[in-house]
Amino acid sequence: MNIRMDKKIILAAMMPAVLFFISITCFGDDEESVWTQLRTLLMIPGVSGMEHPVADYLMEQIPSKLNPKRDDMHNVWFSTGAGAEHLVFVAHTDELGLIVEEITPEGKLKVSGRGGFIPKMYEGRPVTVYTAEDPVDGIVVPRPNYSGREQEAAHYQTADIVIDIGAVSDEDARQIGVAVGDQITIQKQIIELSEDIIAARAVDDRAGCAVLLSAMQRLDWGREWNKKITFLWDVQEETGLYGAAKMAEQLQADYVFPVDTFVSSAGPFDDRRFAYLPLGQGAVIRAVDSSSITPVPYVQKVMDIARENRIAFQIGNTRGGNDGSVFVPYGAVDIPLAWPGLYSHSFIEKIHRSDLNDLTDLVVALVEQW
Amino acid sequence: MIIRVKQISFFLCLLILAAVFAQGLIKDDNSLEILIKELYPVPSPTGYEYPLIDAIRKHLPSSIRIDKDYLGGLHVQNPNGSPLTLVTGVDEIGYIVGGIKEDGFLTLDRAVPSPFPLFDSFFPGHGVTIWTGTGPVRGILALPSTHILSREARRQLSDYFSLNNFLVDTGAESREDAEAAGVKYCDPVTPDKHLQNLAGRIWNGYGIGSRSCAVLLLQAVMNIPEYTSMNASFSWLVQTKFYVRGSRPAKALGAVHAHQMTEGTPILVIAPYPKPDDLDSMTREGLLYTPGSAGRLSARISAAAEAHGISLQKAPEINSPVLNAYMQDYPSSALWLPVKYLHTPSESVFHSDLLALMKMIEELTVK
């Protein structure tokens, strides 16, 4: 028997397994993680003002060595490093939804809305009420005389929303576990249009939250960057940037990078006069929006870093505000980053995996090279 | 000692009997729940009912006589000759691919009449499935982006909730993309369905009414202990949302087509009550029935309801295309399942009404 030849054969046979192991540990994992993080975050309820479940999840994900903090509003952040400049990266945890305002004597729920949305989307749809104990199924009852002939589809307001959880009285509803103040979301699901495209409620801004988590996992926090870095997951963006406003005063940033949606007009009903940035073409530098204009030199700096790192990017202007805008009165420069998204503030917010990957790469590059 | 053992044995027997009895009751409810959960998600838009028909057929024992009509309706024939035929429609209201645009978005059309003007408006902003020849393709019914809606567009928001403006996004970026995914004209399209159980009392979801009725008939066949004791025939009809052209009153095409398979009369239609708005003025407890033209059957129904303590109300005269399809040619009646929010994604049926209807069907179909 030729032992030397046998060893070579054994090694040759093992090579595919070794190569596979290397590929999944060194190459596959990073790109997979932001998409996986997003899918996890999308299923956690967190209507504006009720973000504690998301904060709970984030606190579990941030390593203790980074000394994460959480305040009474459920803003979550960590800061590390020291230097002349303070960079803050921020994403918001809250989503649009409903809050129980009243339980009627018949056991139905009346609600108020959080954030801007088209109320008609809720009519007749299944929802979930998140009680102190377990989630409870419910339905948004169709309007009275819904089968009548004279009905205008979009004439339906948040005040018209009535939720049936199967209770027959207010006492029954309370025994089921529902209480005034409970949050309600549409029944959460992720619609997979392809391996790389999903549509779901709350992509805005769980995608930004996922980007920060994934970037946090990739960065070497033991390195010295000669600057202070803060990653912030804040609250109540959809209802008035209240979480950011509180943190802006506290953090005193020099540069703030909100990571949020770029509302693209690439949808079939959108006017393409502006904001036409297709999905799958790269991360977005949201240079102009309803609350900020990023000075051109800083836009250029981001572009240079992106090019240097071969990160696909786009530039555009859109509508809507961003968390960074409330940092500007405290002396910061606001440089919003985003992914192109369609059907904003609906239950089918659409996103492309490659844009999310590019955005994560960009955040990592900015932390390392700004 | 002997007396004590006898007493203990007696009480043990009582306990065992009670457990078996309770198990029988629980089993009925559990097996119904299992069937509903299994069959509810199966698509059956008008003209594409075969997935559901196949799923029903899988549960039927091979020893009984099963026929299919040319449209795909399923018929279980009574080996003893049939004094009664129970029928229910299994098709649900869906759409078809009307067109594929150059940018890959799909337009939709409907194959069957809309039940009311607001019907289409419940679906934009939600998921759909296109049932292509190569498998299901997921899509979403597009809406404008809230942030960049112009003032004019906000004033015309209702337009986006109209079938005329439905655009399905499947992720395709071109017509070629969409076609490569398998999409073609006339592929059936169904809105997403979500089955919920509200407070443990109410099954809720789009189309749960007719699906429950289909399940009840299946359960009735499965529960028959010996097929020699079967006392009825059963039919799961297709294309009941499509009407015979020019018929007045409207007659369900699939029901008329199935006349050739009808061996037993009278006909008993089992279906969701077609006018849920009426229910507000009637008690919601129990079932409704339309005596129709089957006087003796009507008496049997009343007797069955009384035997089981089931509340039964006579429904007003209503326009049911399935019942209309039989009334002219056969003695026919209908037993209705009360349904809330019919033909919306929040359609609801009470567990208690389902169990009551199941008891009635069993009473009428077993010797």
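The values are calculated or read from the model by the stated rules, or taken from the named source; none is laboratory data. Source: prediction; values computed, not measured. Every residue, glycine as well, gets a Cβ built from its backbone with ideal geometry; the counts of neighbours run over all protein chains shown. Ligands, DNA and RNA are stripped out before the accessible areas are found, and what is left, the full protein with its side chains, is counted by its heavy atoms. Shrake-Rupley method; radii C 1.70, N 1.55, O 1.52, S 1.80 Å.
Points to keep in mind about this one:
- Test: residue in the stretch B:338-347 that is touching a Leu at 6+ places or on another chain (Cβ under 8 Å) and either under 28 Å from B:G81 (Cβ atoms) or hydroxyl-bearing (S, T, Y) (or both): no
- Flag for A:G148 being crowded, with 17+ Cβ neighbours inside 10 Å and closer than 30 Å to B:S162 by Cα: no
- Residue in the stretch A:200-219 that is facing another protein chain (nearest Cβ under 9 Å), open to solvent by less than 40 Å² (accessible area, probe 1.4 Å) and in contact with a Lys or Arg (Cβ under 8 Å, 6 or more places away or on another chain) present: no
- When each of B:L216, B:L195 is tested for being hydrophobic (A, V, I, L, M, F, W, C), open to solvent by 10 Å² or more (accessible area, probe 1.4 Å) and modelled with pLDDT of 95 or more, the lone residue that passes is B:L195.
- For the stretch A:240-276, filtering for residues that are open to solvent by 20 Å² or more (accessible area, probe 1.4 Å), over 20 Å from A:R201 (Cα atoms), more than 11 Å from chain B (Cβ to nearest Cβ) and assigned to a loop (DSSP other than H, G, I, E, B) leaves 2.
- Only one entry in B:A181, B:A142, B:A153 is of a type outside the set (S, T, N, Q), closer than 21 Å to A:E349 by Cα and surrounded by fewer than 22 Cβ atoms within 10 Å (Cβ to Cβ), namely B:A153.
- First in the stretch A:234-258 and at positive phi, second anywhere and open to solvent by 10 Å² or more (accessible area, probe 1.4 Å) and among the hydrophobic types (A, V, I, L, M, F, W, C), Cβ under 6 Å, 6 or more apart: A:L241/A:V326
Rundown of residues vs (1) part of a loop (DSSP other than H, G, I, E, B); (2) at pLDDT below 70, yes/no style:
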{"position": "A:M1", "(1), (2)": "yes, yes"}
{"position": "A:M5", "(1), (2)": "no, yes"}
{"position": "A:L38", "(1), (2)": "no, no"}
{"position": "A:L41", "(1), (2)": "no, no"}
{"position": "A:E60", "(1), (2)": "no, no"}
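- Any hit, the stretch B:105-120, residues being farther than 20 Å from A:I191 by Cα, within 11 Å of chain A (Cβ to nearest Cβ), open to solvent by less than 10 Å² (accessible area, probe 1.4 Å) and without any contact (Cβ under 8 Å) to a residue 40 or more places away in the chain: yes
- Number of the condition not met by A:M73 [criteria: (1) within 28 Å of the chain's Cα centre (by Cα); (2) part of a loop (DSSP other than H, G, I, E, B); (3) modelled with pLDDT under 95; (4) not basic (K, R)]: (3)
- The stretch A:141-150, subset without any contact (Cβ under 8 Å) to a residue 24 or more places away in the chain and under 34 Å from the mean Cα position of the chain (by Cα), residue nearest to B:F350 (Cα to Cα): A:P142
- Test: residue in the stretch B:64-73 that is over 19 Å from B:T240 (Cβ atoms) and not aliphatic (A, V, I, L, M): yes
- Hey, A:I176 modelled with pLDDT of 95 or more and more than 10 Å from chain B (Cβ to nearest Cβ) or not: no
- Single condition A:I351 does not satisfy, out of (1) open to solvent by less than 10 Å² (accessible area, probe 1.4 Å); (2) modelled with pLDDT under 95: (2)
- Of the residues A:G181, A:G107, the single one that is open to solvent by less than 10 Å² (accessible area, probe 1.4 Å), part of a loop (DSSP other than H, G, I, E, B) and over 17 Å from A:R201 (Cα atoms) is A:G107.
Listed here are the residues, each with its yes/no results for (1) over 26 Å from B:V128 (Cβ atoms); (2) touching a residue at least 40 places away in the same chain (Cβ under 8 Å); (3) among the polar types (S, T, N, Q).
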{"position": "A:E152", "(1), (2), (3)": "no, no, no"}
{"position": "A:T158", "(1), (2), (3)": "no, yes, yes"}
{"position": "A:V180", "(1), (2), (3)": "yes, yes, no"}
{"position": "A:I186", "(1), (2), (3)": "no, yes, no"}
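- A:I305 outside any helix (DSSP H, G or I) and either more than 13 Å from chain B (Cβ to nearest Cβ) or not small (G, A, S) (or both): no
- Among the residues of the stretch A:344-365, those identified as hydrophobic (A, V, I, L, M, F, W, C) and touching a Leu at 6+ places or on another chain (Cβ under 8 Å) are A:I348, A:I351, A:L356, A:L359, A:L362, A:V363, A:V364.
- Single residue of A:E171, A:E133 found to be at negative phi, part of a loop (DSSP other than H, G, I, E, B), out of contact with any Asp or Glu (no Cβ under 6 Å at 6 or more places or on another chain) and surrounded by fewer than 17 Cβ atoms within 10 Å (Cβ to Cβ): A:E133
- Tallying residues that are charged (D, E, K, R) and within 7 Å of chain A (Cβ to nearest Cβ) within the stretch B:137-166 yields 1.
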